[in-house]
Amino acid sequence: MDLILALSLSFAFLLLGTLQRVFIAYPLAGAMGVFWVVLMRRGFGWQQLLRLAAQGSRRALPVLNVLLLIGVVIASWMAAGTVPALVYYGVQWVHPQSFLLMAFLLTAGVSVLIGTSFGAVGTVGIALMMMAQGSDLAPTWLAGAVIAGAYVGDRCSPMSSSALLVAAVTHTRLYDNLRRMGRTSGLPLLLSGLVYWGLSWLHPIHLTQQSLAADLDQIFHIQPLLLLPAVVILGLSIAQVEVKRSMLASAGVAIALALSYQHYSLGAIARFLILGFHLETHTYLDAMLRGGGILSMARVALVVLISTAFVGLFAGTHLLDAIQRYVARSSTVNQTSASEPWGSETEGAIALPANDPPPENRLLMTGLVGLGAAAFGCTQTIAILLTEQLMRPKYAASETGNAALALDLENTVVVISALIPWNIAGLVPATLLQTDYGFIPFACYLYLLPIAHLISLRLASSTPSQPCN
């Protein structure tokens, strides 16, 4: 009963804080206080709980310095004019009869380069929304395409905090994960593109804000040279250079451009890197071109630290063992059902051991657990950590368990979190775009990705293996 009460109060704290737009660290801390009291009533000492929380937070340490570097990179790209150049050249491709499709692709490209869904939505996403103002296109349609595109990079960019966190908790290599994610992204991207192309053709728009490109050029003097920091990080990522080194190299090039081409002083650049970039003009561009900085990512790092401490308490006190046992029972299949996934005598099908369920069963259960964790935790970070903890035993028996777990987390909970109206993964982008949860049906990629992956695993497991000659 005390656990149910603690879960209810914690969910209420997180939901209320999210809806009231309170910095999520505060309701997270309140929720942790609730569980702290429950655990002390169950006989755990405060020193023991502190040690368990610290053990959980240590899992996030490899990610934290990269998070701070991401803030530096985004601020330096803003100051150099790289992000404005991406927007400037991107909007040149936009056509009234392919607007939704180009909005999806453009946001996806920017998010892959900068690694953050919020950053992509807050720059090119806002620009696209402004361009569509006054047209007959429903804002929720455009917001769905923009948010779906933003999570293409949030999932599989080398600068993505969620990709880094998944790699850290599953003990896998980031670039190996990115390669596997790329193989599972093709069909969902194609299907999403077809949907947005069809909607664009049926509902062409009349573009407004034609002065956007000219205004950007007036402030930043746009030219291809400003894309160099993006080219650097893309090239080093393809070469699989360690992510921190690629980000440092890109930030160094961007700082040089900000000094020599944009003529910012060293003091101004230092402020941007710490506090975040902002324009000194008072125009509509000021709201769009701001962000980055160590301070902004320090807030994200604090959320990650508290979240991992939360999960450390759950793991060390076995508080979620009952849920974990239920998950184990729900996804356990016997040898016969594993070898006959369609309930028929499929000759030559690969038989899996009883404690190693078929990959499609694991993916489905991971998605369901991730959906509950995203709804309860209200943050993508908590959803990833809780789902990883609860589902890890189901992947342990497989030789490729860590890699499969990382891929399944990326293909389910990372994108599903944005489909929960009160989860900040979807709430913040919707707020930036001045829309509501009506965008969810039009964020096609977010649900086509897990569905396509599930179908592909199902088809693979139902295909009889060929005997060796």
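Just so it is clear, none of the values below were taken in a lab; they were calculated from the coordinates. From a predicted model like this one, the values you see are computed outputs, not experimental measurements. Glycine gets a Cβ as well: all are built from the backbone with ideal geometry, and neighbour counts include every protein chain shown.
Per-residue packing, averaged as other Cβ atoms within 10 Å, sorts the ranges 380-387, 63-70 into the order 380-387, 63-70, beginning with the highest.
Of all stretches in the chain that contain no GluC sites (Glu not before Pro) in a DSSP loop with at most 14 other Cβ atoms within 10 Å, the longest one is 1-241. Highest mean packing comes first when the peptides 187-194, 311-318, 415-422 are listed by Cβ atoms within 10 Å, giving 415-422, 311-318, 187-194. Dipole magnitude for the chain: computed about the Cα centre from +1 point charges on Lys and Arg Cβ and -1 point charges on Asp and Glu Cβ, it is near 1060 debye.
Compared with the dominant Cα axis of the chain, that is its longest principal axis, helix 444-462 is turned about 40°. Over every Cα atom in the chain, the radius of gyration and the widest Cα-Cα span, Dmax, amount to 23.0, 73 Å. Across the options ALA25, SER135, HIS318, the greatest Cα extent toward the positive end of the charge dipole of the chain (unit charges at beta carbon of Lys, Arg, Asp, Glu) belongs to HIS318. Which angle from 0 to 90°, rounded to the nearest 10, does the C-alpha axis of helix 139-156 make with the longest principal axis of the chain? With rounding to tens, the tilt is 70 degrees. Contact order, relative form, for the chain: 23 percent (alpha carbon pairs under 8 Å, 6 or more residues apart, mean separation divided by residue count).
Loop-located chymotrypsin sites (Phe, Trp or Tyr not before Pro) across region 56-121 with a Cβ neighbour count of 11 or fewer within 10 Å are TRP93, with loop assigned by DSSP. Distance from the Cα centre of region 199-277 to that of region 381-418, in angstrom? For region 199-277 versus region 381-418, the Cα centre distance is 33 Å. What the Cα convex hull of region 105-232 gives, in volume per residue, is 119 Å³. For the chain, excluding the exposed loop sites themselves (trypsin sites (Lys or Arg not before Pro), DSSP loop, at most 11 other Cβ atoms within 10 Å), the longest remaining stretch covers 43-469.
Ranking of HIS171, HIS221, HIS453 by neighbouring Cβ atoms within 10 Å, starting from the fewest: HIS171, HIS221, HIS453.
Expressed as an acute angle from 0 to 90° and rounded to the nearest 10, what is the orientation of the C-alpha long axis of helix 359-377 relative to the principal long axis of the chain? That helix lies at roughly 60 degrees to the long axis.
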